[in-house]
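Notes for the one structure printed next.
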Amino acid sequence: MAQQRRVQLSTQRPTSTVCVLGTELSLDVCGSAPKGAVSFQAQGTPGVRLWVVHDSQSVKLPSSVSRWPLAPGPELLLAMDSLSKDVGDEKVRISYFREAGAVPVGRALLYLTCVEVSLDADVNRSGAVSRTLLDKTTWTWGPEGHGAVLLVNCDRDDPGAEGLDSQDSAVRSYDDLKDMSQLLLRTRGPHPIFAGHRLLLHVDFGDADKVGVFYGGSSAALGEFRHVLGGPKLAYSVRPGRHQHESVFYVEGLAFPDVGFSGLVSFHATLLESPDKGLPETPIFTDTVVLRVAPWIMTPNTAAPLEVFVCGVDDNEGFVAAVAALAERAQCPLTVCPPPQNRQDRWIQDELEFGYVQAPHKTFPVVFDSPRDRGLKDFPVRSILGPDFGYVARQAPEGASSLDSFGNLEVSPPVTVRGKEYPLGRILIGSSFPRLGGRRMAKAVRDFLVAQKVQAPVELFSDWLQVGHVDEFLTFVPAPDRKGFRLLLASPSACYQLLREKQEEGFGEAAMFQGLEKVPKPTINEILANEGLRRFNNYTQSCISWNRDILKRALGLAEQDIIDIPQLFQGDVASGAEAFFPDMVNMLVLGRHLGIPKPFGPAVGGRCCLEQRVRELLEPLGLSCTFIDDFFSYHVLAGDVHCGTNVRRKPFAFKWWHVVP
């Protein structure tokens, strides 16, 4: 139904009003009827369409019925299909009659001026603003959905600026404008109408702190752009020029979806008139368009790598060299964060997570800074934030725990679960679940991840680990078959099975950790005879098995989609589990090239039996296994290869607005 406005008529004097193209006017024929009148007749000039709604039936005029009874209250509607050339160039005349009277007892005359007022955005998601018949006041998901998209302007296009572009109330570069979405306000019709009425662009009060709007008028000069809407500015008076029919506004997002903010923002263009001098203006037409702020999206291990990050600290030159060699084989650039920037903090996986934001007109990476805030605290802002590279952070006012580090934040590849598609995968975070108490990821981070909607998070049980991160017991690697990937799970059971096999083959005296100085070197026989170690690993296996069941249900996996990687843990229930030897699932995945922590397992036939088993499991998938020595530089400090590296990856080809949450 078209937007409709009721107009009062008068038999005392002619009335004038504006009809906006695409709307209807409802004329109050009963309210202006003279005393004694029982019927009316309506006539309009050629540019006016008239019809009567009488007894719930609509009849287009002119019709065979020349007069219409005033009882029980008919409705006279009109619309105009073309713009007026002059003010009041079309009109409607209403004639009133008494019972069986041939001469009108009164007439009401209405002068009409048709104008266009239209507020448009990229509702079709084509990358450019265009006219559409779609409902601009709603935003719908899915491949058949519609609604414009807005990016949080969280990068820094001006290298000389201090903060994010969204924190600046000025436009300092044309690149900054390219990050913004456009609103196009069209105004056509006789200029005196727009000179005598006021046109407002405005935003809802609850949305004003979520957006900023800039306007350069008829000039394209950067210095002419002004911040006109957002924050304390709720409305802006637009003054269309005599020869300017289109006004382009540039809109930036200031906040990601989160608790209390769905991500939807409404903009309105309202035409106001003053009935008489000294009286307040009243609205006569409003056009509304809804935009959604684009979510922050994570990329899984299976996505193509674009850039590898590692920290250079005092004792890890060999590790950095090994990661560099792997990155070169994967044809992926390497960025080394130097000591002055990392302040001897080597755990770059824990400090940040790479993702991206996307609109039909623009995509750029965004780094998510964790609440961890140790030596690498300033690295994301000082060294990563920049032109077309955004930044977002969440704090933990209750105090950050180890579970707030982003080794505890992973995402699956795309999956389908009982017919429900997750084309951007599902976020995985570790928690104290299922037991009461314990550590959990900060509420602010969890709420943020849930609010993005497109990667529905799954909570796993990771608090059984000393550090407590999901990357200590799982990872994903690409595969050429089935779902296109395999889930790798650390498996004490698989490790004991392997060691028993080697013992039965006569290699019970083969020892761990050969070549490592000042490290105890237990044999296969000693490990298998250690009842305390066995009991503890039975416990850790039960924790992993619990997560295995959650992952199978949440990701729609079958056993054939899971590979058990031999791994043992040590510790106690009070302090938590840590890897007994370098944690092989804590690996770096660069396409088919895997950088796996070197486990220093028992040598059988001159080869590490743990490495050999992992090769047997993964190489048939077309994967290349490189084992990296991280024992003293990372493993003894309670982390491994994945903890000490990070990867920016290629965004999904799938458009997030096609998701059906």
**Request:** Please compute the Cα-Cα pair-distance distribution of segment 63-110 with 5 Å bins starting at 0, giving whole percents from short to long.
**Result:** 5, 13, 23, 24, 15, 11, 8, 3
**Request:** Find the all-direction average of the projected area of the Cα convex hull for the chain, expressing the result in square nanometres with one decimal place.
**Result:** 37.1
**Item:** Whole-Hz ³J(HN,Hα) from phi, Karplus 6.51 cos²θ - 1.76 cosθ + 1.60, for segment 513-518, glycine and proline x
**Value:** 6, 5, x, 9, 6, 6
**Complete:** Taking the dipole of the chain about the Cα centre (Lys, Arg +1; Asp, Glu -1; charges at Cβ), the one of H658, V392, I524 that reaches farthest to the positive side is H658
**Message:** To the nearest 20 Debye, how big is the dipole of segment 4-115 about its Cα centre, given +1 on the beta carbon of each Lys and Arg and -1 on that of each Asp and Glu?
**Reply:** 280
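Which longest run of the chain has no exposed loop site in it, a site being trypsin sites (Lys or Arg not before Pro) in a DSSP loop with at most 12 other beta carbons within 10 Å, and the site itself not part of the run?
Between exposed loop sites, the widest span is 519-661.
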**Request:** Please report, in whole Å, how far the alpha carbons of segment 250-338 spread along each principal axis, starting with the longest.
**Result:** 82, 28, 25
**Message:** Per residue of segment 195-202, what does 6.51 cos²θ - 1.76 cosθ + 1.60 with θ = phi - 60° give for ³J(HN,Hα)? Whole Hz please, x for Gly and Pro, Karplus curve as stated.
**Reply:** 6, x, 10, 10, 10, 10, 9, 9
**Complete:** The alpha-carbon center of segment 551-575 and that of segment 354-404 are separated, in whole Å, by 29
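What's the extension gain from E509 to D86 if we count 0.36 nm per residue and subtract their Cα-Cα distance? List each step's numbers first, then the result.
Working: separation 423, 0.36 × 423 = 152.28 nm, distance 10.15 nm.
Length gained between E509 and D86: 142.1 nm.
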**Complete:** In Å, the C-alpha Rg and Dmax of segment 544-661 are 16.8, 55
**Asked** So how strong a dipole does segment 121-293 carry about its Cα centre when Lys and Arg Cβ are +1 and Asp and Glu Cβ are -1, to the nearest 20 debye?
**Response** 700
**Asked** If one computes the Cα centroid of segment 629-661 and of segment 522-540, what distance in Å separates the two points?
**Response** 31
**Item:** Beta bridges per DSSP with both ends in the chain, % antiparallel, nearest 5
**Value:** 75
**Request:** Pull up all non-local amide H partners of G22: gap of 5 or more, or a different chain, and H-to-H distance under 5 Å with H placed in the peptide plane.
**Result:** M80
**Asked** Looking at segment 297-653 from every direction and averaging, what is the projected area of its Cα convex hull in nm²?
**Response** 17.8
**Request:** Identify the residues of segment 68-98 with backbone N under 14 Å of a label point that sits 7 angstrom from the Cα of D276 along the Cα-to-Cβ direction, or state none.
**Result:** none
**Message:** Just to be sure I understand the model, the point goes 7 Å from the Cα along the line to the Cβ. What's the resulting V259 to V636 distance in nm?
**Reply:** 4.3
**Item:** Relative contact order [Cα under 8 Å, 6+ residues apart], the chain, whole percent
**Value:** 11
**Asked** Ordered by residue, what ³J(HN,Hα) values in Hz, to whole numbers, does segment 420-431 give under the Karplus form 6.51 cos²θ - 1.76 cosθ + 1.60, where θ = phi - 60° and Gly and Pro are x?
**Response** 8, 8, 10, x, 10, x, 10, 5, 10, 10, x, 8
**Asked** In nm, to one decimal, how far is the modelled label at A558 from the one at R382, with both set 7 Å along Cα→Cβ?
**Response** 5.2
**Asked** In straight Cα distance, which lysines are under 22 Å from K502, not counting same-chain residues fewer than 8 positions off?
**Response** K521, K598
**Complete:** Between R239 and R49, the FRET efficiency computed from the C-beta separation at R0 = 25 Å comes out, to the nearest 0.05, as 0.20
**Prompt:** About its Cα centre, what dipole magnitude does the chain give when the only charges are +1 on Lys and Arg Cβ and -1 on Asp and Glu Cβ, stated in debye to the nearest 20?
**Reply:** 2520
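If you take the alpha carbon radius of gyration of segment 102-244 and divide it by 2.2 N^0.38 Å, what ratio comes out, to two decimals?
Computed over Cα atoms of segment 102-244, the ratio equals 1.35.
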**Fill in**
Evaluated at 10 °C and 1.306 mPa s, the Stokes-Einstein D of segment 4-115 based on the Kirkwood radius over Cα pairs, in µm²/s, stands at 113
**Item:** Cα lying deepest toward the dipole's positive end in the chain, options F433, V589, W141, charges on Cβ
**Value:** W141
**Message:** At 222 nm, what value in deg cm²/dmol follows for the chain if DSSP H runs of at least 4 each add -39500 (n - 2.57) and the sum is divided by all its residues, to the nearest 500?
**Reply:** -4000 deg cm²/dmol
**Fill in**
Counting only residues 5 or more apart in sequence or on a different chain, those whose built amide H sits under 5 Å from that of V105 are Y96, F97, R98
**Message:** For E144, project a label point 7 Å along Cα to C-beta. Then give me every residue of segment 417-437 with its amide nitrogen under 20 Å of that point.
**Reply:** 419-423
**Request:** Starting from the Cα of E501, move 7 Å in the Cα-to-Cβ direction to define the label point; list residues of segment 553-570 whose amide nitrogen is under 20 Å from there.
**Result:** 559-569
**Prompt:** Once label points are set 7 Å from the Cα along Cα→Cβ at both Y111 and V59, what is their separation, rounded to one decimal in nm?
**Reply:** 3.1
**Request:** Take the alpha carbon atoms of segment 97-178, find their radius of gyration, then divide it by 2.2 N^0.38 Å using N residues; give the quotient.
**Result:** 2.16
**Message:** Among A255, L109, A221, which residue has its Cα furthest toward the positive end of the charge dipole of the chain, with +1 on Lys/Arg Cβ and -1 on Asp/Glu Cβ?
**Reply:** L109
**Asked** Given the convex hull over the Cα atoms of segment 405-503, what projected area results after averaging over all orientations, in nm²?
**Response** 8.6
**Translational D in µm²/s for segment 430-579 (Stokes-Einstein at 10 °C, 1.306 mPa s, Kirkwood Rh from C-alpha pairs)** = 92
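Every number here is computed from the coordinates shown, using simple stated rules; none is lab data. On a predicted model such as this, the values are computed, not experimentally measured, just so you know. Here Cβ is always computed from backbone atoms with ideal geometry, including for glycine, and neighbour counts include all displayed protein chains.
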